[in-house]
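The values are calculated or read from the model by the stated rules, or taken from the named source; none is laboratory data. What you are looking at is a predicted structure, and each value in this text was computed from that prediction instead of being measured. Cβ atoms come from the backbone with ideal geometry, glycine included; neighbour counts cover every protein chain shown. In case anyone asks, the SASA skips ligands and DNA or RNA and just uses the protein heavy atoms, side chains included. Shrake-Rupley method; radii C 1.70, N 1.55, O 1.52, S 1.80 Å.
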Amino acid sequence: MANVVITGGSKGIGKSVAEIFVRNGHNVAVCARNGATLERLKSHLESINSNVSIDVHTCDVSVRDDIDSFYEEVMAGLGHVDVLVNNAGVYFPGRIIDEANGAYEDMMKTNVDSAYHMSRAFCNSLMQSDKGHIFNICSVASLQAYPNSGTYTISKYALLGLSKSLREELKEYGIKVTSIIPGATYTDSWAGSDISESRFMKSSDISKMIFEIYNLSSQTVVEDIVLRPMLGDI
């Protein structure tokens, strides 16, 4: 039984990751900003499997003090951590040359800084695990620039760079680091779009891949994996 920490886990990919680990008998600690949504998530996860520990914590990962408090709460509740899924992220459309003031700071704090501080916080605990693993949820925008996504692209390139640095530093401790690089995945942020849901990937496909990667032998690590909708980028 693993102890799994998931940031931004109340919906979308993060929620799906929590579901698959709970379904398979693992404990989870999930953070997100909205307390009411987290309580609904906890009830939902308990309906899947009531025999595991399910902890939810209100946390704005763009705020360093919130990250520190979340870390303390998780360690007090679980004792140790085996898996960290850095999933929290935000997207504000816009071009670098004329996007709203503060967009850069907000996206970098949420998309990159949070993963940096979470990884540093939980690293010592991961080193004590037999199957320590960090998953960073990147994006195809980590690989190429897309229109109207200037700072988002910068942040996702930086997150991929963080993954590669962590991979190099942590391999001697037996901690695996995997960059998950998905294309368009259907989540609440796409609800109401005029694009058919069938055009997107499913969040469950991303979580299934994460779970399978986690269960590989200790001799193998998936460093980067790219997943795209069947018909390509949207």
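Could you count how many residues in region 67-82 are among the hydrophobic types (A, V, I, L, M, F, W, C), more than 18 Å from S10 (Cβ to Cβ) and in contact (Cβ under 8 Å) with a residue 12 or more places away in the chain?
The qualifying residues number 3.
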Within region 16-32, can you find the residues that are over 14 Å from G89 (Cβ atoms) and not small (G, A, S)?
E19, I20, F21, V22, R23, N24, H26, N27, V28, V30
Out of everything in region 118-128 that is surrounded by 18 or more Cβ atoms within 10 Å (Cβ to Cβ) and without any contact (Cβ under 8 Å) to a residue 60 or more places away in the chain, what residue ends up being nearest to the chain's Cα centre (by Cα)?
S119
Residue hits (region 181-234; open to solvent by 30 Å² or more (accessible area, probe 1.4 Å), part of a helix (DSSP H, G or I) and either within 25 Å of E169 (Cα to Cα) or touching a Phe, Trp or Tyr at 6+ places or on another chain (Cβ under 6 Å) (or both)) are E197, M209, E212
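Can you name the residue in region 129-147 that is among the hydrophobic types (A, V, I, L, M, F, W, C) and in contact (Cβ under 8 Å) with a residue 24 or more places away in the chain and, of all such residues, is surrounded by the fewest Cβ atoms within 10 Å (Cβ to Cβ)? Lay out the reasoning, then the answer.
Within region 129-147, the first condition is being among the hydrophobic types (A, V, I, L, M, F, W, C), and the residues that meet it are 134-135, 137-138, 140-141, 143, 145.
So of that shortlist, the ones also in contact (Cβ under 8 Å) with a residue 24 or more places away in the chain come out as 134-135, 137-138, 140, 143.
Working: I134: 25, F135: 24, I137: 29, C138: 29, V140: 18, L143: 14.
Going through the qualifying residues, I end up with L143.
Out of the residues in region 165-180 meeting the condition of being hydroxyl-bearing (S, T, Y) and either in a loop (DSSP other than H, G, I, E, B) or surrounded by fewer than 18 Cβ atoms within 10 Å (Cβ to Cβ) (or both), tell me which one is farthest from the chain's Cα centre (by Cα). Spell out the reasoning first.
Pass one, region 165-180, residues hydroxyl-bearing (S, T, Y): 165, 173, 178-179.
Next cut, either in a loop (DSSP other than H, G, I, E, B) or surrounded by fewer than 18 Cβ atoms within 10 Å (Cβ to Cβ) (or both) only: 165, 173.
Numbers: S165: 17, Y173: 22 Å.
Result: Y173.
Would a scan of region 162-169 turn up a residue that is in contact with a strand residue (DSSP E or B) (Cβ under 6 Å, 6 or more places away or on another chain), within 23 Å of R64 (Cβ to Cβ) and at pLDDT 95 or above? So that I can check it myself, show each step before the final result.
Pass one, region 162-169, residues in contact with a strand residue (DSSP E or B) (Cβ under 6 Å, 6 or more places away or on another chain): 163, 166-167.
Next cut, within 23 Å of R64 (Cβ to Cβ) only: 163, 166.
Adding the requirement that they be at pLDDT 95 or above leaves 163, 166.
Looking through region 162-169, at least one residue is in contact with a strand residue (DSSP E or B) (Cβ under 6 Å, 6 or more places away or on another chain), within 23 Å of R64 (Cβ to Cβ) and at pLDDT 95 or above.
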All but one of (1) part of a helix (DSSP H, G or I); (2) closer than 19 Å to A29 by Cβ; (3) among the β-branched types (V, I, T) hold for I134, so report the exception by its number.
(1)
